[in-house]
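> For reference, the structure I am asking about is given below.
The values are calculated or read from the model by the stated rules, or taken from the named source; none is laboratory data. Here the structure is a predicted model, which means the values were calculated and not measured. So basically every Cβ, Gly included, is an ideal-geometry build from the backbone, and we count neighbours across all protein chains shown. Note: accessible area is taken over every heavy atom of the protein model, side chains too, but ligands, DNA and RNA are not part of it. Shrake-Rupley method; radii C 1.70, N 1.55, O 1.52, S 1.80 Å.
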Amino acid sequence: MKIKLTFWKVVFLVIMVLGVYSAFVRYFDGLGAVSNMTDQFPWGLWIGFDCLCGVMLAAGGFCIVGAVYLFNVKRLHSVMRPAVLTAFLGYILFIVGLLFDLGRPWYIWHQLIYMNPHSVMFEVGMCVMTYTTVLFFEFLPSVFERFNLNTPIKWIKKIYPVLIVLGILLSTLHQSSLGSLYLIMPSKLHPFWYTPALPFLFFGSAIAVGLAMTIFESTQSAKAFGRHLELPVLVELGGALLVALWVNALLRFEDYFHRGMLGQVVKPSYEAYFLWLELMLAFVIPITMLSFKKVRLSPDGLYLASVISLLGFITNRLNVSLIGFETYVGHHYMPKWTEFSVTLMIIAMGFGLFGVAVKYLPIFPEEGRSEKQRLRTEPRPVVATAVLGHAGD
């Protein structure tokens, strides 16, 4: 069988080759040979993007699963499995990125033995590990359906309410705790981004990003795999995204107002330029776009608004993890090309694995699953089975 090389396949191969080379240098010559991180600037691109942004971009899993099974929003059923797949891959790749950043990654298992329940980082590590396991079981029905294994599906169906509640709880804990990591650095992180409200801001932005990411992946999947784009679902997600963006924007405004920072925000400075970029991309532009009904009813408009908001929140995480520390450190941090190549390799792996899963597994409703099959293999909403307790099996 001939493999037809396309432009994007060539780009993928180049990225993977450069990434593998950088990985080789990192593990044989150490972090100093492959990165510009220092003792004064120990958390660089791999923490700022691969970890903070990676976990945030995977938030669509708990957002959509919670909406479908906890709040019984049945219209979002068609985008639930893609969201779970994206979340599962996101957390797997987050762990891969962490293995590059840790000085001695072969000791990562130590947190299971030498536990420190007073450490926020311990809480994040345990929640991520446990939630990745939950996502694995939430993803398994797609694999079992592919091979017509009905008995394991029934087993997972029985524990699904527990998985859903655990997934939402664990996501809430570690999405907010990633912000808590920076609460111990009041003298190092710039006041634009240091605030006691960081855990709440991180969690709120994760919800907005989860909705935007679902719109992004649904649109891209429709284009890449020739699927029909379910506009009513995207319209509902767009409306929810508008509400989430407004809530996040008001939280940011209240935080600056409460801390007396509004005057500093409007004064030009190096940090202010990055803050303005963040606020424009995360709030001003997408909120303005989505406020028009014409945009919310347009697939292209929804896609563009979601992409801009994603870029805005990515900028926020990079501002918190990188720009906010440059004043304290006294110099600018610029990642080496090898750091970029590892990050690009992880991103490319995510796109590649998503494409393979969509091609060979029943991720979308159109791909081999009738309504009768869906009702047989998927559990009923948790609100009925687990909370009210009066729905039959």
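> Search the range 1-26 for residues being hydroxyl-bearing (Ser, Thr, Tyr) and either modelled with pLDDT of 90 or more or in a helix (DSSP H, G or I) (or both), and hand back the single one that is surrounded by the fewest Cβ atoms within 10 Å (Cβ to Cβ).
This residue is 21.
> Related question: Of everything in the range 253-282, what is of a type in the set (A, V, I, L, M) and either touching a residue at least 24 places away in the same chain (Cβ under 8 Å) or crowded, with 17+ Cβ neighbours inside 10 Å (or both)? Give them in sequence order.
261, 265, 272, 275, 277, 279, 280, 281, 282
> Could I ask something else about it? Taking residue 325 and the conditions (1) among the aromatic types (Phe, Trp, Tyr); (2) out of contact with any Lys or Arg (no Cβ under 7 Å at 6 or more places or on another chain); (3) within 17 Å of residue 46 (Cα to Cα), which numbered condition does it fall short on, given that it satisfies the others?
(2)
> Another question about this same structure. So which residues in the range 45-89 are closer than 20 Å to residue 128 by Cβ and either among the aromatic types (Phe, Trp, Tyr) or touching a Pro at 6+ places or on another chain (Cβ under 6 Å) (or both)?
Across the range 45-89, the qualifying residues are 45, 46, 49, 62, 88.
> Continuing with the same structure: Please state which of the following conditions residue 250 fails to meet, knowing it meets all the rest: (1) at pLDDT below 95; (2) surrounded by fewer than 19 Cβ atoms within 10 Å (Cβ to Cβ).
Every condition holds for residue 250 apart from (1).
> Counting just the residues of the range 304-346 that are free of Cβ contacts under 8 Å to residues at least 40 places away in the same chain and aliphatic (A, V, I, L, M), which one comes out farthest from residue 241 (Cα to Cα)?
Result: 311.
> Shifting gears a bit: Determine if the range 151-163 includes at least one residue that is surrounded by fewer than 19 Cβ atoms within 10 Å (Cβ to Cβ), of a type in the set (Phe, Trp, Tyr), farther than 20 Å from residue 271 by Cβ and within 21 Å of the chain's Cα centre (by Cα).
Taking every residue of the range 151-163 in turn, none turns out to be surrounded by fewer than 19 Cβ atoms within 10 Å (Cβ to Cβ), of a type in the set (Phe, Trp, Tyr), farther than 20 Å from residue 271 by Cβ and within 21 Å of the chain's Cα centre (by Cα).
> So residue 43 clears everything in (1) in contact with a Phe, Trp or Tyr (Cβ under 9 Å, 6 or more places away or on another chain); (2) open to solvent by 40 Å² or more (accessible area, probe 1.4 Å); (3) modelled with pLDDT of 90 or more except one condition, right? Which one?
Failing condition for residue 43: (3).
> Inspect the range 66-88 for any residue being over 30 Å from residue 243 (Cα atoms) and open to solvent by less than 40 Å² (accessible area, probe 1.4 Å) and give the result as yes or no.
Checking the range 66-88: not a single residue is over 30 Å from residue 243 (Cα atoms) and open to solvent by less than 40 Å² (accessible area, probe 1.4 Å).
> Separate question: Scan the range 283-313 residue by residue and report those that are outside any helix (DSSP H, G or I) and surrounded by 17 or more Cβ atoms within 10 Å (Cβ to Cβ).
The one that is outside any helix (DSSP H, G or I) and surrounded by 17 or more Cβ atoms within 10 Å (Cβ to Cβ): 298.
> Looking at the range 113-159, which of its residues are in contact with a Phe, Trp or Tyr (Cβ under 7 Å, 6 or more places away or on another chain), under 29 Å from residue 183 (Cα atoms) and not aliphatic (A, V, I, L, M)?
Listed by number, the residues that qualify are 116, 131, 132.
> Here is a list: 101, 29. Which entry is closer than 28 Å to residue 178 by Cα and either surrounded by fewer than 23 Cβ atoms within 10 Å (Cβ to Cβ) or basic (Lys, Arg) (or both)?
Being closer than 28 Å to residue 178 by Cα and either surrounded by fewer than 23 Cβ atoms within 10 Å (Cβ to Cβ) or basic (Lys, Arg) (or both) holds for just one of 101, 29, which is 101.
> Pairs under 6 Å by beta carbon, first residue on the phi < 0 side of the Ramachandran plot in the range 206-221, partner among the hydroxyl-bearing types (Ser, Thr, Tyr) and surrounded by fewer than 24 Cβ atoms within 10 Å (Cβ to Cβ), six or more apart or different chains?
Here the result reads 219/303, each pair linking the range 206-221 to a residue that is among the hydroxyl-bearing types (Ser, Thr, Tyr) and surrounded by fewer than 24 Cβ atoms within 10 Å (Cβ to Cβ).
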